[in-house]
Amino acid sequence: MNKIDIAFEVECLMQPISHLVPSKLITPGIKYAKKFRRVAESINEVGIVEPLVVYPVQGKKSQYLVLDGNLRLEALKDLGWSEAPCLISKDDEAFTYNKHLNRLNSVQEHHMILRAIKNGVSEARIARALGIKVASIRRKSRLLEGICPEVVAIFKNAQFSSETSAILRRLKPVRQIEVAELMRAMNNFTVSYAKALFLATQSNQLVDPDEKKPVRGITTDEHEHMEQEMESLRRDIKAVEENYGAHMLLLVVANGFVGRILGNSRISKYVGRNHPDIFNSLTSLQESIDGDMGVAAE
């Protein structure tokens, strides 16, 4: 078995900032961006969490090109740091470090904040470290309050706001699950979509039925029609989910059968000559199915 080499030196080294060469131009306007301010505030509060990734500059002794961490480098300069922790890369490509990232989802961020608070870190310090307001930290720490476990499982890989959670907790658990499933099916976890689903919810599915208020511009009859349409949509989606696997299996088998028929030159020529409409329809259908399945047509 061939040995796999590590892409960078294992030891993290402190390098003088004067020896680090940015690979990207940091314009003055970037320093006013929210992302840069958050990076600077985080470094100022808790230091460097993720080292810079650098590569030795050919022909220049002790000079390193910054592959990943240009914003952090600029923030360190503004904060007066003289050195920066660096990982020395063995290759000068930056794709691996800049593209292959796994962002924290909302549930992970919620648990991270709760764990930090439990360990004695104040909300104010967490807010400074993340570059956001204390009120935002409090909302994120209460993100899953009143949300049933089934919804948490559905949202485990999603990005959603505390406002979406606030809408969901106004629904009874069964309706919470239905709404969460609809949001996942549409891959839409926005506040506006959550509000639309809330408005289409029947009063007996709300935690406080009297809380619901009529929407300006929508009559009572229109509102009831929205509720009926949403319930019909939920049933349709449920029916599709229940039969999706069996239908996909039939589609794959049928597509393979059509492919074998069209792959027979004699049959293909005969159908193409005598039934061109059927031949074109079968060919287009197979290409469409192969494209949806990610199979390149031969």
Exercise for the section: Looking only at the range 124-135, count how many residues are at pLDDT 90 or above and crowded, with 16+ Cβ neighbours inside 10 Å. Expected result: 0
Practice task
Using the structure shown, decide if GLU50 is among the charged types (D, E, K, R) and at pLDDT 85 or above.
Solution key: no
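Yes/no per residue for (1) at pLDDT 80 or above; (2) among the aromatic types (Phe, Trp, Tyr); (3) surrounded by 12 or more Cβ atoms within 10 Å (Cβ to Cβ); (4) in a loop (DSSP other than H, G, I, E, B):
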position: LYS213; (1), (2), (3), (4): no, no, no, yes
position: MET226; (1), (2), (3), (4): no, no, yes, no
position: GLU231; (1), (2), (3), (4): no, no, yes, no
position: GLY245; (1), (2), (3), (4): no, no, no, no
position: ALA254; (1), (2), (3), (4): yes, no, yes, no
position: ILE261; (1), (2), (3), (4): yes, no, yes, no
Practice task
Kindly indicate which of LEU52, LEU65, LEU87 is surrounded by 15 or more Cβ atoms within 10 Å (Cβ to Cβ), more than 12 Å from ILE26 (Cβ to Cβ) and touching a Gly at 6+ places or on another chain (Cβ under 9 Å).
Solution key: LEU52
Handout entry: Single residue of VAL134, VAL179, VAL152 found to be touching a residue at least 40 places away in the same chain (Cβ under 8 Å), touching a helix residue (DSSP H, G or I) at 6+ places or on another chain (Cβ under 7 Å) and aliphatic (A, V, I, L, M)
Key = VAL152
Practice task
For LYS140, work out the one condition from (1) modelled with pLDDT under 90; (2) in a helix (DSSP H, G or I) it doesn't fulfil.
Solution key: (1)
Practice task
Would you check if VAL174 is within 30 Å of SER203 (Cβ to Cβ), among the aliphatic types (A, V, I, L, M) and within 20 Å of the chain's Cα centre (by Cα)?
Solution key: no
Completion exercise
Of the residues in the range 67-88 that are part of a strand (DSSP E or B) and more than 27 Å from the chain's Cα centre (by Cα), the one that is farthest from GLY47 (Cα to Cα) is ILE88
Exercise for the section: Could you please find all residues in the range 277-298 being among the charged types (D, E, K, R), within 12 Å of GLY259 (Cβ to Cβ) and at pLDDT 70 or above? Expected result: GLU287, ASP290
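The values are calculated or read from the model by the stated rules, or taken from the named source; none is laboratory data. Because the structure is a prediction, the values reported are computed rather than measured. Glycine gets a Cβ as well: all are built from the backbone with ideal geometry, and neighbour counts include every protein chain shown.
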